[in-house]
């Protein structure tokens, strides 16, 4: 599609099978263009009533009894819904609770404990900071080597990138599925197989892939995964994170924070920690009930939309943005910091510009909210449920005017 | 007061300076007697509007911008309010985030790392399970000895109870301020001094004391503390927990879960974890914004009530319950499993009875909700803001009828 043609973008919206989902979110203003759903997803209208119900009815009316009429099952119930609809995970392998960083720590530590003779953790130098920090902390505490592979920014990590780093001394390979800056998609299945063939475990951070592309955890044989629920899953600010532990590992792996919500007979208050043999052993303390309920609302919308349609639209939106970049922005000094091949790209696109920070501020003043990452990167998150093709067109049109 | 006199209880309610606070909570039914606020506190009416505001306005309207107009400061803002009003902690030492178990783990691990040559952790055999499990996990991972002192159930832990267990090999003394079963109050200042005189650090779990009695963290010289916010603080199910790190320790202690919310320049996304030198280094991942807001509403009510009045009423309510026990229940086969001396008692009272579980169920059917702890313990949580003297009288009156 020629970037000059706004009507063409409008036609794509008319035939968009997900178009009606925009009406199921709250909008600050009808002309608002929000391209930061990869940082904080928008508010589903259903979450308003659900929050009120959980607070007023479940907490306010049922009080302590609500634990026994649903709350105790909620981390796994939301996890199962998410796992089946969006992660390719059969039930009983996903729970929702704690922050992404805490979950990453729990699973990484569990993996290291399961490979006691191995002294190397492999990750990527450009991986998301909190993940790298967690791994660095674990490596420092245990005297392990943290080996960080370098990678080309606009192609996802491949088996070839990792092959030289993974060997019989590797305990854990821990990476992001979709790069938080470039949206480059790593070879999740291939790298998982590489790790396993070396006797290591594979841990994936799905924060930028869950809800935007097929993950296929079971099919790829992934060992462990975590992810954020306040981005594309629309769970709200600081919403509890999800974790996945492959069924075959659950009875053997043990996470380091021994808490009563993982205990076999929680209310027996027994003297010895004896964790349940299923995914609940990766719970720790009392899960955040209100946050969990809002994650459920967000995931329900995505499940209803269907992963195939979400992925098709993510490709359509990001491709339009790249077209606009080629036609309008490349000549103005912008750079494309995301993959050109839509198959290797998640649901956001990053553009570099020396005046990126100023342009971000000017875009906000002009009704468009992108993300900015230092030093020079405008990151446009194109959440398929809330972004129209004309939004992409209009945002890029304003950007070329501001930069021109 | 003679237990037979309901009018006497009613008079105490009439002169109760906290009586009006009942009207600031939501009630499932006006005759409902909820004596389980030590498990899950009731819903403040203000939390309903606040939840709606955070969801609809802050998340729904401001979206990502809300992080920069308040959310980033929220863990410390709520922590400072709580610290000053209820914990005796000057600002800059308390943050709210994560679950109580996760916070306990973070601070216990930080303390152990700060005392590397010492091989013993001291706690109590009867301490709350999740705390014991956390310590057992840390001790197992590090090859330390977990030394659990025995104690009389209905007197709080004293320096004498601990003296034989704490010595120059002790890294950490970790205990609950108020016992979760008996409400016995430990000698927080004395045991802290004992630990420190041996060169150890003291970590206190305030889950059953915060909001019901003076804690005086700064005055007692406490090193570290955590506590639950969904009990007496009325923060809602699974509300985020608080942690306290004495100012003098903040730059030196380092918790094990290295996350981006503790990073000095969080959005620089730098290669090396370099935590801020203040209490924010004990944050990990993205804090749960909605949960935090509701904790703030609960704490505001308690701050307005004032700790002196809260404590006076807790003593009055629990003393009335003990009087009823003496007059009515002791002859029916009940036992008192809480301290007789109100100075040594928190805000709940436990009674034992061989048919405790059945009596709990019958009380619930008769409009009274207590807690039950296996094998035989009815636990009556008398939250000062939501419990009247006549509620105590009526609950005990129904209990004697059911057991008679």
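Readers should treat all values here as calculations from the given coordinates under stated rules, not as data from a laboratory. The shown structure was predicted, so the numbers you read here are calculated from the model rather than taken from an experiment. Cβ atoms come from the backbone with ideal geometry, glycine included; neighbour counts cover every protein chain shown.
Given axes a ≥ b ≥ c from the Cα gyration tensor, I'd like to know whether the protein assembly as shown is rounded (a/c under 1.5), prolate (a/b larger than b/c) or oblate.
Prolate, since a/c reaches 1.5 and a/b exceeds b/c.
For residue B:306, place a label point 7 Å out from Cα along the Cα→Cβ vector, do the same in each other copy, and report the separations in nm, one decimal, smallest first.
Distances between equivalent label points, in nm: 6.5.
Can you give me the angle between helix A:129-142 and the longest principal axis of chain A, using Cα atoms only, in degrees from 0 to 90, rounded to the nearest 10?
The angle comes out near 30 degrees.
Among B:128, A:242, rank each residue by its count of other Cβ atoms within 10 Å, from fewest to most, as a rough exposure measure.
B:128, A:242
Rounded, prolate or oblate: which fits the range A:70-304, taking a ≥ b ≥ c as square roots of the Cα gyration tensor eigenvalues, rounded meaning a/c under 1.5, else prolate when a/b beats b/c?
Because a/c hits 1.5 or more and a/b fails to exceed b/c, the range A:70-304 counts as oblate.
Starting from the Cα gyration tensor of the range A:264-373, take the square roots of the eigenvalues, sort them a ≥ b ≥ c, and report rounded, prolate or oblate (rounded when a/c is under 1.5, otherwise prolate if a/b is larger than b/c, else oblate).
The shape class here is prolate.
Output the relative contact order of the range A:70-304, whole-number percent, from Cα pairs under 8 angstrom with separation of 6+ residues.
25 percent
Report the relative contact order of chain A, percent, no decimals, based on alpha-carbon pairs under 8 angstrom and at least 6 residues apart.
Value for chain A: 23 percent.
Based on DSSP, what percent of beta bridges with both residues in chain B are antiparallel, to the nearest 5?
Around 50 percent of the beta bridges assigned by DSSP in chain B are antiparallel ones.
Please give, to one decimal in nm, the separation of the simple spin-label points placed at residue A:267 and residue A:343, each 7 Å out from Cα toward the Cβ.
Roughly 5.4 nm, to one decimal.
How far apart are the residue A:219 label points across copies, placing each 7 Å from Cα toward Cβ, in nm, shortest first?
Reported distances to equivalent positions: 6.5 nm.
What list do you get for A:284, A:14, A:121 if you sort them by fewest beta carbons within 10 Å?
Arranged by neighbour count, lowest to highest, A:284, A:14, A:121 become A:14, A:121, A:284.
For every helix of n ≥ 4 consecutive DSSP H residues, a contribution of -39,500 (n - 2.57) applies; sum these over chain B, divide by its total residues, and give [θ] at 222 nm rounded to the nearest 500 deg cm²/dmol.
So the calculated ellipticity at 222 nm is -10000 deg cm²/dmol.
Using 0.36 nm per residue of separation minus the Cα-Cα distance, give me the extension gain between residue A:160 and residue A:119 in nm, one decimal.
12.6 nm
If I model a spin label at residue B:304 and residue A:309 as a point 7 Å from the Cα along the Cα→Cβ vector, what separation in nanometres do I get?
In this crude label model, residue B:304 to residue A:309 measures out at 4.7 nm.
Tell me, how many Å apart are the Cα centres for the range A:95-109 and for the range B:345-384?
Taking the Cα centre of each part, the range A:95-109 and the range B:345-384 sit 35 Å apart.
As a test, work out the antiparallel percent of DSSP beta bridges whose residues both lie in the protein assembly as shown, rounded to the nearest 5.
Antiparallel bridges make up about 50 percent of those DSSP assigns within the protein assembly as shown.
Using the alpha-carbon atoms, what tilt in degrees (0 to 90, nearest 10) does helix B:307-324 show relative to the longest principal axis of chain B?
Around 40 degrees separate the two axes.
Just subtract the alpha-carbon distance of residue B:5 and residue B:152 from 0.36 nm times their residue separation and send over the number in nm, one decimal.
49.6 nm
If I fit a long axis through the Cα atoms of helix A:100-114 and take the longest principal axis of the Cα atoms of chain A, what angle between them do I get, 0 to 90°, rounded to 10?
Orientation of helix A:100-114: about 50 degrees from the principal axis.
State the extension gain, in nm to one decimal, for the chain segment bounded by residue B:13 and residue B:32, taking 0.36 nm per residue of separation less the distance between their alpha-carbons.
5.2 nm
I want the antiparallel fraction of DSSP beta bridges within the range B:70-304, as a percent rounded to 5.
Percentage antiparallel, nearest 5: 35.
Using a 7 Å offset from the Cα along the Cα-to-Cβ direction at both residue B:358 and residue B:52, what is the distance between the two label points in nm, to one decimal?
The answer from the label model is 4.6 nm.
Based only on other Cβ atoms within 10 Å, what is the fewest-to-most ordering of A:229, A:151?
In order of increasing Cβ crowding within 10 Å: A:151, A:229.
Expressed as a whole number of Å, what is the distance separating the alpha-carbon centroids of the range B:269-307 and the range A:48-75?
The distance from the Cα centre of the range A:48-75 to that of the range B:269-307 comes to 24 Å.
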